[in-house]
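Here the structure comes first, spelled out in structure tokens, and everything after it is commentary.
Bear in mind that the values in this text are calculations on the coordinates, not laboratory data. Because the structure is a prediction, the values reported are computed rather than measured. Counting neighbours? That spans all protein chains shown, and the Cβs are built from the backbone with ideal geometry, glycine included.
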Amino acid sequence: MALRFFNTLTRQIEDFQPLEGNTVRMYTCGPTVWNYVHIGNLRTFTFIDVLRRWLRYRGYRLDHVMNITDVDDRIIKESAAAGKSLGEYTAVYTQAFLEDAATLRLERPEHLVRATEHIHQMARDIRKLTEKGFTYSSGGSIYFRIASFPGYGKLSHLDLSRVHSESRIDSDRYDKDNARDFALWKAPKPGEPFWETEIGPGRPGWHIECSTMAMEYLGPTLDIHAGGIDLVFPHHENEIAQSEALTGKPFARFWLHAEHLIVDGQTMSKSLGNFYTLRDLLARGFAPEALRYLLASVPYRKQLNFTFDSLRAAATAVERLRNFKLRLETEKFPPGESGALTERTRQALAGFEAAMDDDLNTAEALAALFEYLREANTAMDRGEFRAGNRAAALDLLTRFDSVFDVLRPSQPPPISEQEIEALIAERNAARKARDFARADRIRAELFERGIVLEDTREGTRWKRR
Ligand code: AMP
Ligand code: ZN
């Protein structure tokens with residue numbers, strides 16, 4: 001069966017193929033850098049990472065753009081409260097986001113782009129929308145007239161009879177009951193940052209940022225546009241209106257949306273104050289791989305109910321996978337090959353792949369893997385697992401880990417005194433043999449693992465950093 005995704009636009013599962021050749025052109029909405037990202041945000045970004053990795057697993061190349069929203073209503077408010085310039089304020093949280101993404105092993109998109117570096121392109125697009133008759137001005141701001149775009153509401157399946165046409169909304173975030181003409185360009189307010197552009201002074205609304213940056217890098221029609229479920233309305237609805245009004249072409253073929261991470265039945269959000277950051281969880285002693293596993297293990301179209309029990313269970317699952325890998329790498333198995341196990345390994349891989357092809361059903365994919373783990377462990381205990389079964393089992397784990405990426409521990413395991421002494425002895429031997437490159441490598445390796453060497457007349461001493 002082919003790779004297929006649930007498309008929010010058609011509300012159907014559809015076979016996926018890129019429009020042109022082998023490259024998937026994808027745009028995903030990135031963070032609004034007014035604070036640290038919380039693990040709800042990271043749920044959506046982990047889904048996007050799994051999506052990326054599965055597309056590549058299936059042989060596609062990626063051309064993926066993710067934006068950093070570094071100007072919007074909230075950022076302006078928070079930076080003013082902190083007494084900092086927009087740039088100073090967002091630099092801190094942009095950097096923090098990049099660090100958190102790296103800690104969680106989220107791949108860098110091919111293009112990571114900042115809204116404030118594309119203001120003039122946004123102004124150009126707003127001017128074009130005005131020339132085509134989709135906008136009107138009021139008090140120095142420019143609004144998109146939703147009644148002028150016949151497809152308005154097609155993504156969120158909005159009931160247009162309830163829309164307040166000819167009334168407008170200035171804020172970037174609002175709900176379906178408030179569907180109105182929205183701001184493309186906001187007139188400068190006293191004390192707020194603004195840019196001088198061909199359409200006058202001001203700053204862009206949130207929605208135009210993504211339309212402009214997506215088409216700037218990927219052309220008028222994207223293969224995939226993705227984000228969290230809360231973005232369907234109004235953000236993505238407005239992106240469609242702006243982009244299709246500009247080009248007359250479909251903006252994105254597939255729209256994928258991740259359901260929210262919730263706590264105690266409520267969505268995790270900074271405004272509600274019920275959030276954890278990755279940093280909070282690391283401080284409580286959890287490994288990033290445990291969180292990555294937890295976030296990836298619940299299929300993205302299901303809500304993820306976060307509990308510390310589920311995080312502990314995720315850590316245990318990662319441990320089991322690592323132990324299995326260690327057995328495969330270190331145990332002696334009887335020679336030959338068990339045909340039954342060869343067949344089981346093949347089935348497990350087929351089950352894993354079929355589940356991932358089915359709209360990234362990660363729960364089913366993991367079930368296929370763990371069923372195999374159980375049987376293979378039992379077979380090892382009984383001496384039925386043969387040396388000839390090792391390679392295929394390791395290959396299965398490698399394929400799993402190319403998507404889930406949890407097998408490698410984040411920090412090297414603590415080093416024992418015997419290991420330290422052995423490495424020092426090796427280094428001394430290398431120095432005697434005048435192999436200084438090797439000696440230096442050993443010193444560096446020890447340093448990486450937290451051990452500092454000091455060469456004295458009495459010999460080499462060490463201490464923990
Ligand atoms: P924001 O920084 O608010 O623009 O959000 C960044 C991303 O996180 C967007 O794709 C949101 O849809 C997503 N998001 C926000 N809250 C949650 C949540 N509780 N669970 C999952 N995704 C979320
Ligand atoms: Zn966006």
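Of note:
- Anisotropy class of region 420-465 from Cα gyration tensor, a/c 1.5 cut: oblate
- Its relative contact order, with pairs defined as Cα atoms under 8 Å and 6+ residues apart, puts the chain at 16 percent.
- Total charge dipole magnitude, the chain, about the Cα centre, Cβ charges on Lys, Arg, Asp, Glu only, Debye to nearest 20: 840 debye
- Relative contact order [Cα under 8 Å, 6+ residues apart], region 236-317, whole percent: 33 percent
- In region 25-166, the DSSP beta bridges split such that about 30 percent are antiparallel, to the nearest 5.
- Neighbour-count ranking [beta-carbon atoms within 10 angstrom, fewest first] of VAL37, VAL92: VAL92, VAL37
- With the convex hull drawn around the C-alpha atoms of the chain, the volume per residue stands at 199 Å³.
- Antiparallel bridges, percent of DSSP beta bridges restricted to the chain (to nearest 5): 50 percent
- With Cα atoms, 0 to 90° folded angle of helix 362-381 axis to the chain main axis: 10 degrees
- DSSP beta bridges confined to region 123-257 are antiparallel in about 65 percent of cases.
- Around the amide H of GLY228, modelled in the peptide plane, lie the amide H atoms of ALA258, all under 5 Å away and 5 or more residues distant in sequence or on another chain.
- Cα-based shape type of region 314-363, given that a ≥ b ≥ c are square roots of the gyration tensor eigenvalues and the cut on a/c is 1.5: oblate
- Nearest 10 degrees, 0 to 90: helix 206-218 Cα axis against the chain principal axis: 60 degrees
- Three-way shape label, region 1-160, alpha-carbon gyration tensor, a/c 1.5: oblate
- Relative to the longest principal axis of the Cα atoms of the chain, the long axis of helix 308-330 makes an angle of roughly 40 degrees.
- Put simply, the amide H of TRP195, placed in the peptide plane, has neighbours under 5 Å in GLY202, ARG203, leaving out anything fewer than 5 places away on its chain.
- From its DSSP helices (H runs of at least four residues, each -39,500 (n - 2.57)), the chain gives a residue-normalised ellipticity at 222 nm of -14500 deg cm²/dmol.
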